[in-house]
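S.K.: Starting off with a structure, shown below.
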Amino acid sequence: MSLRKILTQGDPTLEKTCRPVEKFDQKLHWLLDDLKETLENAGGVGLAAPQIGILRRVVVVEDENGELLELVNPVIVSREGEQGGWEGCLSVPNQYGWVTRPNLVTVRAQDRDGKFFEAAGEEMVARCFCHELEHLDGHLFVEHTDELYTPDEIDAMEAEEGEQEPPKARPQSRKQARKRGKKR
């Protein structure tokens, strides 16, 4: 396993559509291991292969138990409900936006050996599924938000709002933003 460089917004690789994985071999295992190590080192909750320069349909996502799910050739098979929350990305450092996503998402994918399975996630995991799978088609979360904020700007908004409940279209508290908006 090795740490990989995470590409940032503006790199043309992040705008490309990834190819499906056809060979379930040692190279794929190394890619999955590198994604997991790179994600853990960066402190995020999800990472897609194009973020490390590999145009293959492979992502890793942290589930509700803190375990990393390996998703090869993933597709969303169902979406339910709606949630709004802060979202960040390891490829868009130090920037967060308010994004609406489904509250419950089920994906169908293959494991590192090619076996098909389904995984469902709510709230943060659902958000991560959507976010990471968009990377596979050359999209970033910034396409879903009108404005990006730094952590300092979020703090200033929170101080301005005081103890009031924030408007639906505005961010929640910084504490909730950190919990929900962990970088993917």
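S.K.: Sort out which residues of segment 108-137 are under 14 Å from the mean Cα position of the chain (by Cα) and in a strand (DSSP E or B), and write them in order of number.
M.R.: Those that are under 14 Å from the mean Cα position of the chain (by Cα) and in a strand (DSSP E or B): 121, 122.
S.K.: Quick one: which of 62, 67 is among the acidic types (Asp, Glu) and out of contact with any strand residue (DSSP E or B) (no Cβ under 7 Å at 6 or more places or on another chain)?
M.R.: After ruling out the rest, the residue left standing is 67.
S.K.: Where residues in segment 29-52 are without any contact (Cβ under 8 Å) to a residue 60 or more places away in the chain and of a type outside the set (D, E, K, R), which of them is nearest to residue 10 (Cα to Cα)?
M.R.: Checked segment 29-52; the qualifying residue nearest to residue 10 (Cα to Cα) is 52.
S.K.: May I ask you to verify whether residue 62 is within 14 Å of the chain's Cα centre (by Cα), closer than 28 Å to residue 25 by Cβ and among the acidic types (Asp, Glu)?
M.R.: Criteria met by residue 62.
S.K.: Could you say which residue among 72, 105, 77, 99 is of a type in the set (A, V, I, L, M, F, W, C), in a strand (DSSP E or B), surrounded by 17 or more Cβ atoms within 10 Å (Cβ to Cβ) and touching a Lys or Arg at 6+ places or on another chain (Cβ under 6 Å)?
M.R.: One residue alone meets the criteria, 105.
S.K.: Here's something else I'd like to know. Please determine whether any residue of segment 57-68 is surrounded by fewer than 18 Cβ atoms within 10 Å (Cβ to Cβ), touching a residue at least 40 places away in the same chain (Cβ under 8 Å) and under 18 Å from residue 35 (Cβ atoms).
M.R.: Yes, the conditions are met somewhere in segment 57-68.
S.K.: Being exposed (fewer than 15 other Cβ atoms within 10 Å of the Cβ) and of a type in the set (A, V, I, L, M) is the filter; apply it to segment 1-20 and report the residue that is farthest from residue 136 (Cα to Cα).
M.R.: Across segment 1-20, the extreme among qualifying residues is 1.
Bear in mind these aren't lab numbers, they're just calculated from the coordinates by the rules spelled out. In this text the structure is predicted, and so the values were computed from the model without any measurement. Heads up, the Cβs are rebuilt from the backbone with ideal geometry, glycines too, and the neighbour counts pull from every protein chain shown.
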